[in-house]
Each structure stands twice: as structure tokens, then as C-alpha cells.
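**Q** Before we start, here is the structure in question, set down as C-alpha cells.
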Amino acid sequence: MAAKRKSKGAYMISAVAEMYEIHPQTLRLYEREGLLKPSRTEGNTRLYTDEDLERLEFILNLARDLGVNIAGIAIVLQMRERMEEMNRQMQSFVEYVRTEMLAHFQQNVPGGGAAIVPIRRQAAVPKAAARKP
């Protein structure tokens, strides 16, 4: 589905329509429905960035390959954005916990925790629990 394009560019609606073999009205519709948000020049010309084109490719994949309608595409995009935000929050939380744990170890272990070596233990599973009746 990926069209040939230069990197770090900004593309006018006619170029994008030609690259993806879609009508410019389709791009206008996607913008009206909030699926795409191209930037504008001072003369009000739409400019599509590489990120806009990646999003368009995702939209076209949903529409062309999977038969998802515009309302469905909007829901999928919204869910995708929520998942990305949740992932960012989880990464931030993991980093916070890691930092706090390191600080705790450095305060409570003689030598600043430099001698801490992780020990891996194999979990012992009772034979009765390992077999199912």
C-alpha cells in the first residue's frame, strides 16, 4: 500500500491523490470527517506531511482492504490513539518505578547498591500441580 514518496516532505492534495490513486474529494471528505488534519499554507492550500501520509495509508488499508466505513475508521483511529497514550503512560510509570527502586536500593544497601547482583531461581512446581487429572 505504501506509495513512493520522498522523506521529510509536504505534499499538495493533487500529488497525494495521484500517489494513492484516490480522488481529491476523498481526501477532503477524510478531512471533513476528522480522519486527516493536513496543515495549511497562508494561501489555504492543504499540505500533507509524511505523518499524514502514514495515517492515510492506515485509513486506506481499513477502507479498501478491510471494508471498514468512515464511522468505523474514526472509531479505530480513536482507539489507536488511546492505546498509544496508554502505552506512553505505562512507559512513564515503568521508568518512574525503576528510578524509585534504584534510589531505594542505593539508600538502603551499603556501598550504594553496587554489589547487587540479580539471582535467577527456577520455580519449583509440585509434581501434583504439574499433572492435571
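Every read-out reported here was derived from the displayed coordinates using simple, explicitly stated rules and does not represent laboratory data. This is a predicted model, so every value here is computed, not measured. So basically every Cβ, Gly included, is an ideal-geometry build from the backbone, and we count neighbours across all protein chains shown.
**Q** Could you check G34 against (1) at negative phi; (2) touching a helix residue (DSSP H, G or I) at 6+ places or on another chain (Cβ under 8 Å); (3) not in a helix (DSSP H, G or I) and say which number it fails?
**A** (1)
**Q** Hey, another quick one. If I go through region 46-103 residue by residue, how many of them are among the charged types (D, E, K, R), closer than 27 Å to I13 by Cβ and assigned to a helix (DSSP H, G or I)?
**A** Number of matching residues: 11.
**Q** While we're here: Quick check: is even one residue across region 19-36 in contact with a strand residue (DSSP E or B) (Cβ under 8 Å, 6 or more places away or on another chain) and over 20 Å from E81 (Cα atoms)?
**A** Yes, that holds for at least one residue.
**Q** A further question follows. Would region 40-62 turn up any residue that is loosely packed, with under 14 Cβ neighbours inside 10 Å and in contact (Cβ under 8 Å) with a residue 60 or more places away in the chain?
**A** Yes, region 40-62 has at least one match.
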